[in-house]
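Nothing in this text is a laboratory measurement; each read-out follows from the coordinates by a stated rule. If you're wondering where the values come from, they're calculated on a predicted model, not measured in any experiment. Virtual Cβ from ideal backbone geometry, glycine too; neighbours counted across all protein chains shown.
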Amino acid sequence: MAEAKKFPFADEVVLPPELEGWEEMYAPQRLFSKDREDWEKRHFWYQDKIHAPEPLYPLDDIFQSSWQIALSQFTTRVFCIPPAQGVAQRILGCYMYITAVEPPPPEIMGEKAERFGKRVPYVFQNYNKLWDKWYEKFDALGKEMKALKVIKEFDKYVPEEEVIPYPKGYTQAYELIESFNNIVNMITKAWQWHFEYLNLAYLGYLMFTDTAKKLFPGIKESTIGKMVAGAEVSMFRPEEELCKLSRLAMEKPAVAAILKKDISVEEKIKELKETDGGKAWFEEFERVKDPWFFVSCGSGWYHYEGSWINKLDVPFSYVKSYIERLEKGEKIERSFAEISEERDRLVNEYRKLIGTEDDRKSFDDAYNIVRTIYKYAEDHLFWVEHWFHTIWFEKIREFGELLVKYNVLQNTDDIYVFNRFEVPMLLEDLATSWALGEGVPTRGKYWQEKAAKRKKILEAAKKWLPVPALGIPPEEVAEPFTVMLWGITSEKVGEWLKGGGGEVVTDVNEIKGFASSAGVAEGRARVLKLMEDVVKLEPGEIMVAPCTNPSWAPVFTKIKAAVTDIGGLTSHAAIVSREYGLPAVTGTGIATAVIKTGDIIRVDGSTGTVTIVKKA
Amino acid sequence: MGEKWIYWFNEIGQEYNNIVGKKCANLGELTKAGFQVPPGFALGVDAYKRFMTQTEATEMLLKFLKDFHADPHNVADTLKFEEASEKMRAIVESIKMPTDMEKTIKEYYGELCRIACCENVYVATRSAGPVSHPGQYETYLNVCGADDVVFNVIRVWSSTFNTRSIIARARLDLPLHFDPIGVAVLTMVDAKAAGVMFTVNPVNGDVAKVAIEGSFGYGEAVVSGNVTPDRYLVDKVTMEIEERVISDKGAEFVYNPDTKEMEYKELPPDKRKVQCLEDREILELTRLAKEVEKHFQCPQDIEWSISRSLPFPKNIFLVQARPESVWGKKKKESVLGKKSGMELLFERAFTPVKVKI
């Protein structure tokens, strides 16, 4: 295979003909453009498989465009990290590409340094207080969104009390438009807050990595991860709550028996409600549901993934397997005390190896800094991508239902094929038709045809394997989060280039990724492309998944090792594998494409290698 | 009998460095600290002195040296030193050991045989200078039987008259006829594998790692560099084997009972690229390395040997420990430059990340 020096530029990529018309789904600033060609070609773009592994539904793109602003501004305008600029996005063929913006001119770096010096130490010194404030406002924002009223149907006439004694002065037509504007504002704000301390948390982590590597040149990234990771983070709460519910069920054998049955969730709930014990258990379930089961069945980035609260068979199937394990006398909870003890042991033992008192002092100081703020990196994920997004998706469904009710759209989820600027057009169309009186048509047919066409394009895009990167690989990347967040390293780019730059190589027997959790395991592979496939998993298999998230946690008690396409050393799969002592290789890029269920594979979590020993 | 000149290993320690030589003192220290060292004893430098002065050895050597003239700084004279060495060694090795000394050594050897539950245990007679001169003097392996032990002790002594030693003394203007060293007599380990390990990664000075090199057979194969050993890198804290390089080891250094010589025996093709240690042995060696380092309070260079006949973990022996010579000698300096955490954070934030492609 030819080894290329560059990837194609955006305008050189040949898209499948079925994608014809994809551009109109996204706002013009989201696309590669002739007018910005010079700037765009100076940058190296790679597909963002962390946040957008699948084609982007236009309305789901609101998360992406929001983080482009939020992440970047905290680096460039708020905390002013001198040599770094933001991360820019472009959509090509429905997939998202990102780039670290080239460094600013030297005089800007100087200006930024001054501000950095004042603002950043303040945050570190006051972090605990700041976090409390953050949580308070974020919680309030979530509740505000939950309380947002979306009209269910239009009144034929405005009710009497809205006219007499004092006319309200505006109607449902305005309320509908306002409610969507409001929800867009709220999600945008949530994403502003998402990054409030994240850049600094990652910066702290990178600083501690540097420090540890200066003292111990051969220290593994996975060991540093273990030293920094917190045990009691919100991300693990959903799983914990399921464990508690399972233990609660064990107290009443009749309740446990119902939960273990092979019947639908609806039937289980019906049976539970027939007895006092069952009722009490279900009430407890309902009580912890918000916030802890507002957790996406996927990454939280796509509307179709669903959440535990609207896919109840997911939490119920976990409860079932926990009860079965409890009956066998197995332990289901992770021991947070043990995890913390092991972390403290690692830190202390390394600390003891340090040669001089001065270095020990610097090390302690560096460690305290990263420990202070790093929990933000772990906590925000649950609150934003899971809890808040679940609320958003529930609300957006209400808008979708309204549009379907009045024949503007055919299906509730069709709202997602219109972007955030287009949805107001549909809503205005509907509101206008109501205002105009009886018998006035909307452009429903037009919107519906558009929706049908766009769904076809998105389906076609799913089948297309996008090129991993665009443009000329740089010699230096100055944006400090690129390596850490997206795992873009020279090796990775080199591997992509081996495929000639234009295609993904899948005919291999060995794949490389991050050595995320040490140890070696060999066994049968189970490729889980969707959360729903989890039920097929047999104990002792090796999980191969695109990426995992908190809702997958219970899976880790069943498997022998984990392999993911996406995610670095601080990804969910990496963290949980280390805690369970399972070998893990993350961020392989291609594992789910190369490995088939039934293949015998060997996972070496110490070297980051996955070998296919025997093909199925 | 006058001053004490023979010691069991557990009677001596580092403070005996000048009395029994470095190697013996270290073996004694390891034994006393409770590490598993092959049973053995040490002949002090006084034993050498006794032998050289209570017999006609010194007199004969001086007589020979009277007519010996050569310039140690002149390479052309090397041949002259070689001839002299040959003659001097012949003189020393022809002399009978004083009877009381011979008797005592044989008694000590007898005790080693009793410990090993064997009529004539194999031992190694190893040189031990008070100052470390690696490879300068000689060592004899697989010595067996009381008479052979006595003779090989004399051979070790006579190795102070090998060519490189007398040239070295001549260059320093030291007497050529006398250079007291100690001798370690220790039970041979029937090694299935052996090698060395460092309590610091010799490549980059990482103090959190133990680097192990090993090969099949006796450790001389690794120490001499005659085979490419397997290499393992283990983290001291996580106890993970982070790197393993399994080499084509070619041959093993073993004892040939027919010729009674040590020799390199070619490994069968299916064994050459087999890992020479079990994982649990690698981890046990690492644990021992950490203990030894803790005992001596500085990075160590340790020789180890694994018996083929004993069960794990009793099969693991330490046969030498000395300060690691490269990183161990470096002055302990701050690598973080007394910076505070915030200063380190600034440093990080102001440095662009380089991704070389």
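Over every Cα atom in chain A, the radius of gyration and the widest Cα-Cα span, Dmax, amount to 25.6, 85 Å. For the segment A:115-125, counting C-beta atoms of other chains within 10 Å of every residue's C-beta and taking the mean gives 2.
Shown here are the Rg and Dmax of the Cα trace of segment A:40-180, at 22.4, 66 Å. A Förster radius of 35 Å combined with the Cβ-Cβ distance from B:SER340 to A:GLU333 puts the calculated FRET efficiency at roughly 0.35.
Each principal axis of the Cα cloud of segment B:191-323 was evaluated for its coordinate range; sorted largest first, these ranges are 44, 27, 25 Å. A full extension of the chain between A:LYS244 and A:LYS462 corresponds to an added length of 74.6 nm, given 0.36 nm per residue minus the alpha carbon distance.
Taking label positions 7 Å along the Cα-Cβ direction at both A:LYS261 and A:LYS34, the computed distance is 6.7 nm, reported to one decimal. Length gained on full extension, A:LEU436 to A:GLU107, computed as 0.36 nm times the residue gap minus the Cα-Cα distance: 112.6 nm.
For the segment B:21-34, counting C-beta atoms of other chains within 10 Å of every residue's C-beta and taking the mean gives 0. In chain A, a dipole from Cβ-located charges (positive for Lys and Arg, negative for Asp and Glu) runs towards its positive end, and of A:GLN125, A:TYR174, A:VAL508 it is A:VAL508 whose Cα lies farthest in that direction.
Using 7 Å Cα-to-Cβ label points, what is the A:GLU18/A:ARG77 separation (nm, one decimal)? For A:GLU18 paired with A:ARG77, the spin-label model returns 4.1 nm. The spread of Cα positions in chain B, taken along each principal axis and listed from longest to shortest, comes to 76, 48, 42 Å. Positive-end ranking of B:PHE198, B:MET342, B:GLN54 along the dipole of chain B, with charges on Cβ about the Cα centre, is headed by B:MET342. Each part reduced to its alpha carbon centroid, segment A:589-616 and segment A:302-316 end up 29 Å apart.
Relative to the longest principal axis of the Cα atoms of chain B, the long axis of helix B:341-350 makes an angle of roughly 70 degrees. I need the calculated FRET efficiency for the pair B:LYS87 and B:ARG171, taking r as the beta carbon distance and R₀ as 22 Å, to the nearest 0.05. That gives a FRET efficiency of 0.65. The relative contact order of chain A, computed from alpha carbon pairs under 8 Å that lie at least 6 residues apart in sequence, is 20 percent.
Here segment A:221-297 is assigned +1 on the Cβ of each Lys and Arg and -1 on the Cβ of each Asp and Glu. Its dipole about the Cα centre then comes out at about 120 debye. With kT/(6 pi eta Rh) evaluated at 10 °C and eta = 1.306 mPa s, and Rh the Kirkwood radius from Cα pairs, segment A:288-373 diffuses with a coefficient of 93 µm²/s according to Stokes-Einstein. Computed over neighbours whose Cβ is under 13 Å from that of B:PHE312, the net charge equals +1, Lys and Arg +1, Asp and Glu -1.
The amide H of A:ALA561, built 1.01 Å from its N in the peptide plane, has A:MET543 as neighbours under 5 Å, considering only residues 5 or more places off or on other chains. Based on the Stokes-Einstein relation at 4 °C and a viscosity of 1.567 mPa s, and on the Kirkwood radius from alpha carbon pairs, segment B:6-187 is assigned a translational diffusion coefficient of 77 µm²/s.
Computed on chain B, with alpha-carbon pairs under 8 angstrom and 6+ residues apart, the relative contact order is 15 percent.
As a proxy for reagent exposure, ranking A:ARG42, A:ARG287, A:ARG524 by other Cβ atoms within 10 Å from fewest up yields A:ARG287, A:ARG42, A:ARG524.
P(r) tail for segment A:234-327: Cα pairs beyond 14 Å make up 64% of the total. Each Lys and Arg adds +1 at its Cβ and each Asp and Glu adds -1 at its Cβ; summed about the Cα centre, the protein assembly as shown shows a dipole of about 780 debye.
Which log10 I(q)/I(0) values, to two decimals, does segment A:335-446 give at q = 0.14, 0.21, 0.22, 0.23 Å⁻¹ under the Debye formula with one point per Cα? Debye output, listed in q order: -0.72, -1.12, -1.17, -1.22.
For segment A:1-61, the Kirkwood estimate of hydrodynamic radius, built from reciprocal distances between every pair of different alpha carbons, is 13.9 Å. Averaged over the residues of A:513-525, the number of partner chain Cβ atoms lying within 10 Å of the residue Cβ comes to 1. Extension gain for A:TYR580 to A:GLU114 (0.36 nm times residue separation, less C-alpha to C-alpha distance): 163.4 nm.
Taken along the Cα-to-beta-carbon direction at a fixed 7 Å, the label points for B:GLU3 and A:GLU341 span 5.5 nm. Charge dipole (Cα centre; +1 on Lys/Arg Cβ, -1 on Asp/Glu Cβ; no other charges) of segment B:191-323 amounts to roughly 240 debye. Taking only the Cα atoms of segment A:506-614, the radius of gyration and Dmax are 11.6, 33 Å. On the beta carbon distance between B:GLU15 and B:LYS273, with R0 = 30 Å, the FRET formula returns roughly 0.10.
Go through A:PRO105, A:THR76, A:PHE116 and say which Cα lies farthest out towards the positive end of the charge dipole of segment A:43-118; charges sit on Cβ, +1 for Lys and Arg, -1 for Asp and Glu. Of A:PRO105, A:THR76, A:PHE116, it is A:PHE116. Under 5 Å between amide hydrogens, built in the peptide plane, is the criterion, and for A:ASP48 it picks out A:MET96, A:TYR97, A:ILE98 among residues at least 5 positions away or on other chains. Dividing the summed helix terms, -39500 (n - 2.57) for each DSSP H run of n ≥ 4, by the number of residues in chain A produces a 222 nm estimate of -15500 deg cm²/dmol to the nearest 500. Under conditions of 37 °C and 0.692 mPa s, segment B:256-352 yields 181 µm² s⁻¹ as its translational diffusion coefficient, taking Rh as the Kirkwood radius over Cα pairs in the Stokes-Einstein equation. Phi angles of segment B:167-182 translate, via the Karplus equation with coefficients 6.51, -1.76, 1.60 and θ = phi - 60°, into HN-Hα couplings of 4, 4, 5, 4, 5, 8, 6, 9, x, 7, 8, 7, 7, x, 9, x Hz per residue; Gly and Pro are given as x. Residue order for B:LYS49, B:LYS63, fewest other beta carbons within 10 angstrom first, comes to B:LYS63, B:LYS49. Relative contact order, percent, of segment A:329-482 when contacts are C-alpha pairs under 8 Å separated by at least 6 residues? Computed value for segment A:329-482: 13 percent relative contact order.
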